Structures are given as structure tokens and as C-alpha cells.
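What follows is a single structure, written as C-alpha cells, with notes after it.
The values are calculated or read from the model by the stated rules, or taken from the named source; none is laboratory data. Note that the structure is predicted; figures quoted are calculated from it, not measured. No Cβ is skipped: glycine too gets one built from the backbone with ideal geometry, and neighbour counts run over all protein chains shown.
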């Protein structure tokens, strides 16, 4: 006798990439492994695949972005998806439309992927509850920027071969940084030791409970580090509200060849960009291809985003 | 109205230090005629209506010192009728309503309007507040004397704080002279700017701007300093942290006279409950750590906190379906005030009479109203509840017009069976 089958349809709920916090180590590693293949592809003459042919990807950017948006744009196109970028700065929101309304409108157009950047923490989570497609977080408030952390991990692996056992310093405006948060989670997950370095006023509360050591002194914080990740410091925060001045910040926290010596010999520098040269990083140091991974980060960003789009587009 | 006798009741009335099995008689005007273990059926005449309480608990109707009614201006969130139904089904018979309506209740004509409107539409005792400052802007004081004369019970800028110390000093000085009640929401704006959650690891993980307990403490300390100079009737609407408790303890021990409230939400939830951006748990003051919550419960036990309020704040779905930082703060709670408070009895944090006291006689004393008691001659406002009955909170079953409860799906123990208002049955389960 045939076994009676349960005929109720299995609801296909898409998975989303909302943050590193909700990612398992296996998922993270599978994205990184997949991305390695795309590095080669992106360096070859024929860069186009058709794995996402017929799929629609919407880039929904509520905050201005150059590199992340173009990186996602390119990643989608190289996989053969139809990519539409919406700059929400001057769009429906100004007419009083809420995020949910926007989501419903876009959802009705049957996209397969929505890539969202939003100034409010948690906005991608809210969006993901209301749409039928996969949502990829391209940065929300000060909460998470998962693809940035993944591309940073790929860059390190590509250069050093591994992350496990490395000592990584993240330095700068930790308080307002989603890049810092995502990197703390991912680097910890992949077995690195993480130090965060910032002036007291830019260090978030409870950070020590997140598996890092915090320092206000570059010399102590950089001690023994293999990687130094610098963060961008926004101009308006340097004029007396969080810090006395740009000059004072550079004096104590700007990465110079002298301060880099506190880290391990041959330590490498990373920066999510855009850089404030002469504020958080010495300009020559930023361009020194022997120590700076900045260009590779941008290059590998496309590969990581291709891997993410492929994985989450079902 | 016929005379009524409530028999087989466990009567708890902290105003008379009473917790005993007995009966209660209401006269034909709905006033308490006799109460206690010595009252017998034989004390009544033959046509007296008998209400058998069946061993359940009978307490004075609850006095909720902080609730928002949407009239005028926000009728789509709550109106007098829906608030009344919600309150009565929660055993609440007296409500202090907040003035942050649209327009704001800051002048005499508005008071006349809402008193008339409440008379026609409400079926609970309503005690309206007016704002302390015009438009709750914290700049110019309202007409305390004239407004009180028209029936205003107290003054509150609701969840806004008077930042200007000089103005606060004058408000307290003036209020002290004419004897009006000033209710402050303690929050330093500079320290709480953009914040929507307790400062700490959870705020850092969620990427939200946090507000530290210092923002609350600093205003309490300032106001209590002023209070030494200008001893008015001063009440702190709601506190949320252990640090505030410490300041209050120090000042009360020094003999300073003031009163303190806490929201049931801060007593029964903490910041972990926010999970992944549950906007229904966005509250003001925010939910804080478990350590803070425990300190607040202890504060009631020690008599440092006088009243428990529902902080009933109905919000429509549109105001809540937004990213956390943009979403409106507040939760409905008048219906679940008593059952949720009973949780602290069931988990052995507080004795029952302490909880009832903070819900009945204490707020009545602060407000100087003849409610929250069942002593002889009082109004027949009564709540009868089953202490043990289990039930589950279901937002869709709430009578409030808005469904933004912070405790959806929570298993509670203790259910309201009947509510009487002025001797009349007003809610029956």
C-alpha cells in the first residue's frame, strides 16, 4: 500500500542575509568558498554568467552609496540578473510613503532579490517580513553590513590563507559603525582574536561582552596584530561633539607608519572606504601596495556579492 | 438601586489593613454600608440582591494613574467608550487621563469640553490632567488655579520633561502655594536625544541609540533638590532604573515628601524582550536590564515606589510598523494591569496586599480622591477576581481600540470576574 502523502504545499520562505549575527559558520564559509571562484572569473576576459538569468534584482538605497551600490549592481549583472537601482533619497519617502508601502509596491513587481541600504537599524528585518523575495542587507543604520565583513574576510583569506588564529584590530568610530559590528561577529566566528580601539566617546557600551577586547590606546591595542582595520570617521563628529578636533584625533588615532610599528611586522591595513586621508590614515600608507589591502577589498567585494546573490536568490 | 450583599468573599482592602473572609453590603445609593468578617446575610433585608463571590477576591476598584485616551484628536487610537470598556474588563474603575491630546488640554475651554464628553461617553470615573506647560513645550506654565477649579486633578506634560531648571523651580513654587499636584516625567533630553532603548550591549547589537539611566536620575536629583526649597505635591510619573531607586531611597529616608510611580511594563519586562526589533516593546521610559527590573520590584516592596500604572498608550498599527527608531513608543495595558501585576505575587516577588495597595489606595491618596477604598461610606467601586485562573493574552480579544500590547501570547494567572461601578455591575466575565 502506498504511503499517504501529505499534500499541503510546502511554503517556500526565502532566506535573507540580514546580518552576520544570524548567519551560521557553515553559511559564512560556503559564501566565502563560492566567492573564491568568482575572483578568477572577474579577472578573466569573459566575465558574464547566466546563473541568475531571468531573475530580477532591485537595489533599494535609502542612503547615498557609491561603492556598495555599484558593487552590487555589477555583481548582479555579471550573474545575468536584471538589475534595477532605485535611489530612494529623492523618491516616494519624501511624499510620506513608509518603508512598508515601498516594500509592498516593489513586491508586486515580483523581484527575486532586494538589496537594501537604510539609515535605520533593523529596516532590512522589517522589509524581509513583508516581501516574498530574498532580502540582502547592504548596511542598516549602525547595526550590520554583512557583505562588507564577508569581503573583508575574503580579502584576508586571499592574502594570508586563513583567518583562524589571526589577531585583528578594528580602529576608529566603533560606536557608529556597522562595519565594525559585522566584522566583530564574523572574525570571531572564523576564529580570530579581535581588538577594538577607539576614543572613549566613540566606544559603544557593552562592547566587551561581544567577544572583543577594547582599548583607547593604539599602542596597546595594536600590539601583536596581523591586520589593522581602519574605520571612516565622519567630519561632523570631529568638531567638538564627540572629539576635540581632527588634529587631535590624527595625533592619537590616525594610522601612521610609526603607529603601524606597534602591530606585528608585516601587518596589513584595511579600510572599508571612503577614506579620510590625513584624518584616520596617512595618505602614503593607504596607497602602499605592500601593506594596504584597500584595492583588493573593492575588487573582492564584487566576488563576495556575486556569491551572496547566487546563494540567496532561489 | 437595590441594596446588595457580596458574600463568600476574600476581601483585600489595604486602606483598612483588611485581608479576611467576609461580606460587603452596598446601600441603595451604591455606597459601602458594612464590610468585613462580621457582616452577615442576616444584617440585610429580604429583598437585598445577593452576589456570591464564591471564595474569590474582592478589592476596591483599581485606580490607574496614567492612561491615554485619544479624545480629542486621536479617536482612531482610543475613545472614551473603548477606554471605559477596556478598563472595566480589567477591574479598573478610576483613570487619570493624560493631556497630550490634539489639541492639548492646557486651557479651561478644553477642560470643559473633555469633562462634558467624558460625562456623555465614558462609563468609568475619569480624572483628567492638564499639561504643566502650554502645549507641553516646557516654556510657559498653564493656569494651575483656574484649571484645578474646573476639575483638573493634576498636572503632567506626560512623556515630556521640563528641562529649564528656572521654570521648574517657579512651577514648584507656585504649585506649592496653591496645593496642586505636579507629575514629572524624568528625562534629560540632551542625554536621551534620538535614543529609543536602554543603553548597553543590546543597544549596541541592535545598532540603536541607547539612553542611559543617568538621563532619568539627573532630573530626579534636580527636582528633589528644588523640592527642598519649594515643597509642592510632587510625583514622579514613572521610573525605570536601579539608579533612580537609589536616589529616591536616599531622599525618602531623609524625610522628603514626594511620590513615585512605575509602569507595569517596567516591572514585568526587560530589554531582552525586545528581541529583534519588536516595536510593541518600544516604551518610554525604556525597558532596562533585569537588574533594574528587580530593583523596581524591590522598590515596591520597600515602599519607595507608591503606585503601579498601566501607562496605557494605544497606538495604531501604522505608528508601529516602522523601523524601530521611527516607531511610536508605548503599549496598551489598562486591561492587563491587574493580571500582569499578579505575576509578581505568583512568582513570590511581592505580597498580594502590596500589589493591591499600589493599585488602589496609594494612587487615591496621592490624587486626594475618595477612591481605592471600601471603608464605610465609600463609593461601591469593586473588582472581583479569581487569583488562580490561567489565561493567555490575545491582542485580538482586547477591548481597547488599539492592539499594541507588549505581552502578546503571555500566559497569565488571575482573571477579573466582575467589576462594579457605584454599586452597579459594569463588567461580567
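Points worth noting:
- Every residue from the range A:204-215 that is within 14 Å of chain B (Cβ to nearest Cβ), touching a strand residue (DSSP E or B) at 6+ places or on another chain (Cβ under 8 Å) and surrounded by 15 or more Cβ atoms within 10 Å (Cβ to Cβ): A:205, A:207, A:212, A:214
- Test: residue in the range B:98-105 that is crowded, with 24+ Cβ neighbours inside 10 Å, touching a strand residue (DSSP E or B) at 6+ places or on another chain (Cβ under 8 Å) and either at pLDDT below 95 or not in a loop (DSSP other than H, G, I, E, B) (or both): no
- Only one entry of B:401, B:415 meets the criterion of being closer than 30 Å to residue A:102 by Cβ, more than 16 Å from the chain's Cα centre (by Cα), buried (at least 18 other Cβ atoms within 10 Å of the Cβ) and at pLDDT 95 or above, and that entry is B:401.
- Number of positions in the range A:108-140 that are buried (at least 24 other Cβ atoms within 10 Å of the Cβ), facing chain B (nearest Cβ under 9 Å) and within 15 Å of residue A:20 (Cα to Cα): 3
- In the range A:71-80 there is at least one residue that is closer than 28 Å to residue B:208 by Cα and touching a helix residue (DSSP H, G or I) at 6+ places or on another chain (Cβ under 7 Å).
- Every test in (1) part of a helix (DSSP H, G or I); (2) in contact with a helix residue (DSSP H, G or I) (Cβ under 9 Å, 6 or more places away or on another chain) is passed by residue B:112 save one, and that test is (2).
- For the range A:41-55, the set of residues classified as touching a helix residue (DSSP H, G or I) at 6+ places or on another chain (Cβ under 9 Å) and either over 14 Å from residue A:305 (Cα atoms) or in a loop (DSSP other than H, G, I, E, B) (or both) consists of A:43, A:47, A:48, A:49, A:51, A:52, A:55, listed by residue number.
- Summed over the range A:192-203, the residues that are away from chain B (no Cβ under 13 Å) and under 20 Å from residue A:279 (Cβ atoms) give a count of 4.
- Qualifying positions in the range B:297-326 - part of a helix (DSSP H, G or I) and either within 14 Å of chain A (Cβ to nearest Cβ) or surrounded by fewer than 24 Cβ atoms within 10 Å (Cβ to Cβ) (or both): B:297, B:298, B:299, B:301, B:317, B:318, B:319, B:320
- Criterion (within 17 Å of the chain's Cα centre (by Cα) and either more than 14 Å from every other protein chain (Cβ to nearest Cβ) or at positive phi (or both)) met by exactly one of A:218, A:189: A:189
- Taken over the range A:166-184, the criterion of being more than 17 Å from residue A:117 (Cα to Cα) and touching a strand residue (DSSP E or B) at 6+ places or on another chain (Cβ under 8 Å) is satisfied by A:166, A:167, A:168, A:169, A:170, A:171, A:172, A:174, A:183, A:184.
- Whichever residue in the range B:211-240 is in contact (Cβ under 8 Å) with a residue 40 or more places away in the chain and within 14 Å of chain A (Cβ to nearest Cβ) and, among such residues, is nearest to residue A:212 (Cα to Cα): B:211
A quick yes/no check of all residues on (1) farther than 25 Å from residue A:188 by Cα; (2) touching a residue at least 12 places away in the same chain (Cβ under 8 Å); (3) surrounded by fewer than 20 Cβ atoms within 10 Å (Cβ to Cβ):
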{"site": "A:26", "(1), (2), (3)": "no, no, yes"}
{"site": "A:30", "(1), (2), (3)": "no, yes, yes"}
{"site": "A:40", "(1), (2), (3)": "yes, no, yes"}
{"site": "A:45", "(1), (2), (3)": "yes, no, yes"}
{"site": "A:60", "(1), (2), (3)": "yes, yes, no"}
{"site": "A:63", "(1), (2), (3)": "yes, yes, yes"}
{"site": "A:67", "(1), (2), (3)": "yes, yes, yes"}
{"site": "A:78", "(1), (2), (3)": "yes, yes, no"}
{"site": "A:84", "(1), (2), (3)": "yes, yes, yes"}
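- Residue under evaluation residue B:1, criteria (1) at pLDDT below 95; (2) under 18 Å from residue B:417 (Cα atoms), criterion not met: (2)
- Comparison of B:159, B:125, B:198 shows that the only residue that is under 30 Å from residue A:203 (Cα atoms) and either modelled with pLDDT of 95 or more or surrounded by fewer than 18 Cβ atoms within 10 Å (Cβ to Cβ) (or both) is B:198.
- Residue that is farthest from residue B:136 (Cα to Cα), among those in the range B:184-202 that are touching a residue at least 60 places away in the same chain (Cβ under 8 Å) and not in a loop (DSSP other than H, G, I, E, B): B:202
- Conditions (1) crowded, with 20+ Cβ neighbours inside 10 Å; (2) free of Cβ contacts under 8 Å to residues at least 40 places away in the same chain; number of the one not met by residue B:254: (1)
- Total residues in the range B:327-346 satisfying the condition of being part of a helix (DSSP H, G or I) and either farther than 22 Å from residue B:100 by Cα or within 13 Å of another protein chain (Cβ to nearest Cβ) (or both): the figure is 9.
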